[in-house]
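Trainee: I am attaching a structure below and will ask some questions about it afterwards.
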Amino acid sequence: MASYSSLAEEAWGETYPEAVDSIRVHIQRLREKLEADPSRPQLLLTKAGIGYFLAKPG
């Protein structure tokens, strides 16, 4: 699992107040590229209050 702050630190070297919005945009763009139906993600999932994770295939 990856939290917003850990993703921001990996991507930009630090976290900042607008990082959550930036990460959400990037996650949505990834879903549009990877998911058959981005509005119903099956691969790149969100766990409320925790962060993002990749689902195991199959």
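Read-outs: derived from the displayed coordinates by stated rules, not from any lab. This one's a predicted model, so the numbers in the text were calculated from it and none came from an experiment. Don't worry about glycine lacking a Cβ; one is built from the backbone with ideal geometry, like all the others, and counts go over all protein chains shown.
Trainee: Express the relative contact order of segment 4-54 as a whole percentage, based on alpha carbon pairs under 8 Å and six or more residues apart in sequence.
Mentor: 21
Trainee: What nm value, rounded to one decimal, do you get for the distance between Gln42 and Glu10 when each label is placed 7 Å out toward the C-beta?
Mentor: That separation, rounded to one decimal, is 2.4 nm.
Trainee: If you put +1 on each Lys and Arg Cβ and -1 on each Asp and Glu Cβ, how big is the dipole of the chain around its Cα centre, in Debye rounded to 20?
Mentor: 340
Trainee: Moving on. Give the angle, between 0 and 90 degrees and rounded to the nearest 10, that separates the Cα long axis of helix 19-34 from the longest principal axis of the Cα atoms of the chain.
Mentor: 20
Trainee: Mind pulling up the Rg/Rh value for the chain? Radius of gyration and Kirkwood radius, both on Cα.
Mentor: Using only Cα positions, Rg/Rh for the chain is 0.98.
Trainee: Show me the GluC sites (Glu not before Pro) within the chain that DSSP assigns to loop and that have at most 10 other Cβ atoms within 10 Å of their Cβ.
Mentor: Sites meeting the loop and neighbour criteria: Glu14, Glu18.
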